[in-house]
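Where a number appears in this text, it was derived from the coordinates with a stated rule and is not lab data. Since we're looking at a predicted model, the values are computed, not measured. Glycine gets a Cβ as well: all are built from the backbone with ideal geometry, and neighbour counts include every protein chain shown.
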Amino acid sequence: MDAANPRAAAAGGDNGGVTDAHPSFRDRVRAEARLVGESLLSFGPSAGRRWPLALQAGLAMAVPVVLLAVLGHSDIALFAATGAFTVIYGGWLRPAERARFAPLVAASLFACAALGVLAAAGGVGFVLTGVFVLTIGAVALTGWISLGPPGPVFAVLVFGLSAHVTAVEDGVRAADPALYLSVVAGALAFACLLVAAPLVLPRYRREPVRPLGAIFPPRWGAVARAMTTRAVIVAVVGVAAAAVVDPDRSYWIVCAGLAVIGSPLGRRAAATRGIHRMVGTLVGAGVYLALALIPFPVWALGLLLGAFQMLIELIIVRHYALALVFITPLVLLIIGSASADATSFTLALERVLDTIVGAVVGTAAALAVRLRKD
């Protein structure tokens with residue numbers, strides 16, 4: 001769910017944007033603020049045909065949720081929404097290549113879910129340790145193979161969400177671990193089928209298929225090293241902040257930081273991305289509060305989440321903040337299904353606070369570590 005705003009990226013880099021040879025600090029701040037303001041008020045260029053990917057992502061989000069709700073399993077239906085994360089990786093690949101790649105993504109996300117369930121059994125300390133280790137490992141891996149957007153964010157999100165919904169709170173769990181993992185596995189498998197669906201057309205089966213090793217050649221270069229160094233900062237500071245601010249949902253703080261540094265962006269583009277995330281989350285929290293007042297049946301929520309996911313995939317490459325307006329209520333609706341003890345206002349307030357903390361940490365990490373090309 002996390003690609004950079006092309007306009008912000010175009011303004012990225014570590015220099016430029018100020019024409020004065022020796023601008024004052026105030027002039028530089030004004031120039032940067034102007035660029036950020038322009039990025040918030042305008043759309044980036046079109047990224048080509050994204051509706052097939054958006055449609056697949058929407059169906060992967062909606063169909064499992066609606067099906068489980070109709071079959072009488074509304075209490076666990078929203079957990080199936082995580083399967084849609086498989087679809088949005090490798091959207092630029094040829095259909096046959098995506099069909100080979102999707103099971104690897106699904107297996108990785110299922111492993112993160114299983115690790116989250118195991119960490120939850122050990123308590124908050126194990127979850128915090130897991131978020132710390134997974135953050136660094138996921139960024140190092142995605143940088144090593146140049147995975148591209150949405151990068152490592154969903155690995156940590158799935159881990160944290162899985163730990164949260166299967167943890168014992170006041171003697172009860174929101175979801176039974178075995179049942180939860182079964183739902184996630186089924187949703188991931190369905191997403192893989194959707195990715196492979198275009199292969200029913202002969203023209204896609206006849207396309208040449210490149211080896212995955214050629215598509216994602218391992219390279220431990222300057223970019224991967226810089227991204228990993230940034231991840232270490234986010235992991236250390238983010239987990240430490242989470243231990244104080246919100247230890248039960250440390251993954252949200254770290255994910256907000258990862259969204260800033262999980263892609264190879266220059267300092268300016270990363271800082272702009274952090275501001276977009278804070279602004280979009282604040283507005284999205286308001287959207288969530290409005291939706292929380294409406295007593296949607298779960299099947300209707302599934303359709304709504306599917307529509308949000310489609311919009312996200314269509315918008316995120318052109319306006320990151322606007323995409324967050326839909327990402328935030330989508331994730332909060334899923335989390336809310338496992339947070340019966342929290343009011344909608346409390347949940348939204350916590351997420352806004354966590355996002356601000358995480359985005360600030362991620363932006364600071366990006367500014368501290370310069371991204372040099374290989």
Q: Quick one: among 244, 361, 158, which has the greatest mean-square fluctuation in a GNM of the chain with alpha-carbon springs under 10 angstrom?
A: 244
Q: For n ≥ 4 DSSP H runs only, could you compute -39500 (n - 2.57) per run for the chain, divide by its residues and tell me the 222 nm figure to the nearest 500?
A: -23000 deg cm²/dmol
**Q.** Length gained when the stretch residue 232-residue 367 is fully extended (0.36 nm per residue, less Cα-Cα span)
**A.** 47.2 nm
Q. For residue 293 and residue 73, what is the calculated FRET efficiency with R₀ set at 25 Å and r taken between the beta-carbons, to the nearest 0.05?
A. 0.50
**Q.** At least 24 Å along the helix axis (C-alpha) and Kyte average at least -0.5, DSSP helices within the chain
**A.** 51-70, 95-122, 124-144, 177-196, 222-245, 267-292, 298-315, 344-368
(Q) What are the equivalent ellipsoid semi-axes of region 48-368, built from the alpha-carbon gyration tensor (square roots of five times its eigenvalues), in whole angstrom, biggest first? (A) 27, 25, 19
Q | GNM top mover of 33, 84, 187 - the chain, alpha-carbon springs below 10 Å | A | 33
Q: Would you tally the net charge around residue 349, using a Cβ to Cβ cut-off of less than 14 Å, leaving residue 349 out, and scoring K and R as +1, D and E as -1?
A: -1
Q. Using r as the Cβ-Cβ distance of residue 179 and residue 206, and R0 as 41 Å, what FRET efficiency do you calculate, to the nearest 0.05?
A. 0.45
**Q.** GNM flexibility winner over the chain from 40, 291, 118 (Cα, springs under 10 Å)
**A.** 291
Q. Computed over the Cα atoms of region 298-374, what is the convex hull's projected area averaged over all directions, in nm²?
A. 7.1 nm²
Q | Given 16 as the ceiling on other Cβ atoms within 10 Å, longest exposed-site-free region of the chain for trypsin sites (Lys or Arg not before Pro) in DSSP loops | A | 50-205
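For a distance above 20 Å, tell me the whole-number percent of Cα pairs in region 25-165 that qualify.
Counting pairs separated by more than 20 Å, the tail of P(r) holds 61 percent.
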**Q.** Pairwise label distance in nanometres, residue 47 with residue 345, each label 7 Å out on the Cα-Cβ vector
**A.** 3.7 nm
Q) Hey, if you put +1 on the Cβ of every Lys and Arg and -1 on every Asp and Glu Cβ in the chain, which of 218, 156, 185 ends up farthest toward the positive end of that dipole? A) 218
